[in-house]
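Here's the structure we're looking at; comments come further down.
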Amino acid sequence: MVISDTIRPDRRRERTRAALLDAGEALFAAKGRDGVTIDEITAAADVAKGSFYNHFPDRDALAHEVYRLVRLAVESQVDAANAGVADPAVRMARAGCVYVAFAITAPRRAGALIRLFDGEAMADSPLNRGVVGDLEAGFAVGRFGRMSPPAALLMIYGVALAGMSRALDATQPPLDVATVGDLYAGLLRGLGAPSDEAVRIAAAAARELVEPAVKTARQRSAP
C-alpha cells in the first residue's frame, strides 16, 4: 500500500506535465510563443494554473521544452535515416529531407518547431551536434568548400525552415518531391558540392524519404 501511495502522485504529476506539453505544443504551433498565455495553456490542458508552476517556472521554459522534445524526435528520425551512411553530403541531404517529411506527416509538431525556433542555429547548441559533426566531417575530407561553421549552419537551417514552412502552407499546392530534391541540391551546391553530384544525391534522398510521406498525406486526405 505504501508503494501504491507513492506511485500515484508521480503518475498524476506525469499526466499533468504531459497535458501541459501537449497543450503548449498545439497553442505554440497555432499562435507562436508570444501569442500564448499561461491561462490559455492551463485551460487547454485542463489543469489548475497553480499546477503549471509545479512543472515550469514560466511560459518560455515550457516553450523551450516543447522545442527541445520536438527537435529530439526529429533528430532521432535523422539518426535512423543516416544509420550506416558515411558521406557527409549524403547525410546532409537525407537529414534535410527527414525534416521536410516530418512537416508533412506531423504538421502540428513541425509548426511548433518552426514557431519556437529562436537562436537555435548556434554551433554550440547541444541540439546541433549532429549537423555540426556532419559539417566538420565534410570540411575535413574536402566534401564541402571552406566556410565558417556558423555561416554554414545558418544556411542549413534557413533551407530547413523554408522547406518545412512550404510543406505546411495550406494555401499552396502540396509540396512535391522534385521541389524538395531541387531545394537540397541547392543547399549542397551552396556548401561546395559539385553541381551534378548535388542533384543526384538530393534527388535520391527526396525519393526515399519524402515520397513516402507525401503518399501517406495523400491517403489521409483522401475521402
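Throughout, read-outs are computed from the coordinates displayed, never taken from laboratory work. Here the structure is a predicted model, which is why all the values come from computation and not from measurement. Positions of Cβ are backbone-derived with ideal geometry, glycine not excepted, and every protein chain shown enters the neighbour counts.
Of note:
- Here is the list for region 116-165: trypsin sites (Lys or Arg not before Pro) lying in DSSP coil, each with at most 10 other C-beta atoms within 10 angstrom of its C-beta, are 146.
- Which labelled figure in [x] 27, 23, 18; [y] 36, 20, 16; [z] 40, 19, 14 is semi-axes √(5λ) of the Cα gyration tensor in Å, once derived from the coordinates: [y]
- Sorting 148, 51 from the fewest to the most surrounding beta carbons within 10 angstrom yields 148, 51.
- Candidate membrane-span-like segments in the chain, meaning DSSP H helices with Cα atoms spread over at least 20 Å of their own axis and a Kyte-Doolittle mean of -1.0 or above, are 2-31, 59-81, 88-105, 149-168, 177-191, 195-209, with no membrane implied.
- Taken about its Cα centre, the chain carries a charge dipole of roughly 360 debye when the Cβ of each Lys and Arg holds +1 and the Cβ of each Asp and Glu holds -1.
- Packing-based ranking of 173-180, 18-25, 184-191 yields 184-191, 18-25, 173-180, ordered from highest to lowest mean Cβ neighbour count within 10 Å.
- Based on Cα contacts under 8 Å between residues 6+ apart, region 1-135 shows a relative contact order of 29 percent.
- Toward the positive end of the charge dipole of the chain, with +1 on the Cβ of Lys and Arg and -1 on the Cβ of Asp and Glu, the farthest Cα among 105, 164, 89 is that of 105.
- Here the residues 166, 91, ranked from fewest to most Cβ neighbours within 10 Å of their Cβ, fall in the order 166, 91.
- Close amide H contacts of residue 192 (hydrogens built in the peptide plane, cut-off under 5 Å, sequence separation of 5 or more or a different chain): 145.
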